[in-house]
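Inspection log for the structure reproduced underneath, given as structure tokens.
Taken together, the values in this text are just the output of simple stated rules run on the coordinates, not laboratory data. For clarity, every value in this text was computed on a predicted model and none was experimentally measured. Note: ideal-geometry Cβ built from the backbone for every residue, glycine included; neighbour counts use all protein chains shown.
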Amino acid sequence: MEDKDIARLPEHFGRVSRRDFLKFCAVATATMGLPLGAAVRIAEAVASPQRPPVIWLSGQECTGCTETLLRSTHPTVDHLILDLISLDYHETLSTPAGHLAEEAKKKSMAAHQGKFILVVEGAIPIKDKGIYCMIGGRPMVEILRETAPQAMGIVAIGSCAAWGGIPSAEPNPTGAVGAQEALGRDFKVINVPGCPPNPYNFLSTVLYILTFKKLPDLDKEGRPKFAYGRMIHELCERRPNFDAGRFALEFGDEGHRQGWCLYKLGCKGPETRNNCPAMLFGDVGSRSWPVGIGSPCFGCSERGIGFTAPVVAQASLQKVTPPDVCAPIVTDRGGGPGLATVGVGAGLAGLALGAGAVTAWKLGQVPSDSGEEAEKD
């Protein structure tokens, strides 16, 4: 960021301290993969005299997505809703309740038609005309379809709003679906899945829309590529152990205590896209996400995996990239040359080929002559 850009920032602070404001802009630009110079444009967007209005609708959910937003630190939730955006309607955080809250929503929609951000939290039941989620005597699906056409952008926060999440798990008695499916193809919904999602993925998405007046680049599932462009497996702190063939086989065994790869315990990192290992929760380090505390990723941000695939089922490996040599779990010491030394003498080409076979064998993914996968005995 150039000196002239920094000089322009104080005029956008409002009641937020200069230090907190700079942190907020830095986190947002870093999350979106933008140059630091974009911080000025973000500052102008969120600190204009007319704060961007946000209407937040809640469906079938546990309020966990709101809870994760409450725990964001750059900015804190009070700075967010008092200084940066105008949260005109939110069933959990609104001061008015009942008909007063509904009246406030109507007034905001009328005053900011085509200019507000619509946030959807929770799944939307559509079975039996949506009677399984009623708000103010009206089905949630009816309220959503009434509000969406008047919004500048629609963001589905959390896996429930993105594709149905927990409420849509079999047998799905209420016909729960995500916002995109409930609205149809005439609307473009930005999905920010997770259970809950990282608050910065959500905040950065909203800021991108407000700053650049367009949607961020999305993948085929409608997720921002800056947050969901890579597999968790690619960024995972335990990936070196996967490459070396070191796997925890039971919770509490030696490998588990030493931080070995959790693939064989059902980790869904190899088939789940998210930035969990890189963009941690709550600024408390690696202990703030499942794998960091020794629990396998269960794929909460991936349709058809989280709340669908069995927790203990091994993930399908979309890209197996073993190293040239897989280090053994137990290494012999002394007594002359070991197997690895003899193998090196056989030639690097043979080792590279053998390493791929060893990795596949260890993972129980060796292909048979018929092309099907054969399980290790």
All other residues with a Cβ under 14 Å from the Cβ of residue 94 taken together, and with Lys, Arg as +1 and Asp, Glu as -1, what is their net charge? -2
Which residues' amide hydrogens lie under 5 Å from the amide hydrogen of residue 274, considering only partners 5 or more residues apart or on another chain, with H built in the peptide plane? 230, 232
Residues 140, 231 arranged by fewest to most Cβ contacts within 10 Å: 231, 140
With the cut-off at 1.5 for a/c, could you classify the range 119-204 from its C-alpha gyration tensor as rounded, prolate or oblate? oblate
Exactly which trypsin sites (Lys or Arg not before Pro) in the range 122-196 are in a DSSP loop and have at most 11 other Cβ atoms within 10 Å? 185
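What number comes out for the charge environment of residue 112, summing +1 per Lys or Arg and -1 per Asp or Glu over other residues with Cβ under 12 Å away? Walk me through the numbers on the way to the answer.
Working: positive: 51, 105, 106, 107, 115; negative: 88.
In short, +4.
Would you mind ranking 298, 251, 212 so that the residue whose beta carbon has the fewest other beta carbons within 10 Å leads the list? Show your work: numbers first, answer last.
Values: 298 19, 251 12, 212 15.
Going from sparsest to densest Cβ surroundings: 251, 212, 298.
Kindly rank 236-249, 269-282 from highest to lowest mean number of other beta carbons found within 10 Å of each residue. Walk me through the numbers on the way to the answer.
Values: 236-249: 19.0, 269-282: 21.1.
Most protected by this proxy first, the peptides run 269-282, 236-249.
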Tell me which of 265, 224, 235 sits at the most positive position along the dipole axis of the range 211-277, charges placed on C-beta atoms (Lys, Arg +1; Asp, Glu -1). 224
Looking at this model, which pairs from 225/268; 105/127; 213/268 are more than 23 angstrom apart at the alpha-carbon? 105/127; 213/268
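Give, rounded to the nearest 20 debye, the magnitude of the charge dipole that the range 263-322 has about its Cα centre when Lys and Arg contribute +1 at Cβ and Asp and Glu contribute -1 at Cβ. Spell out each step's value before the answer.
Numbers: 6 positive and 3 negative charges, 25 e Å.
Computed charge dipole of the range 263-322: roughly 120 debye.
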Contour minus end-to-end for residue 258 and residue 284, with contour as 0.36 nm per residue of separation and end-to-end as the Cα-Cα distance? 7.3 nm
Residue-count net charge about residue 209 - beta-carbon cut-off 12 Å; Lys, Arg +1, Asp, Glu -1: +4
Applied in sequence order to the range 203-215, the curve 6.51 cos²θ - 1.76 cosθ + 1.60 (Karplus, θ = phi - 60°) yields integer Hz couplings, x standing for Gly and Pro, of 4, 5, 5, 4, 5, 4, 4, 5, 7, 9, 6, 7, 7
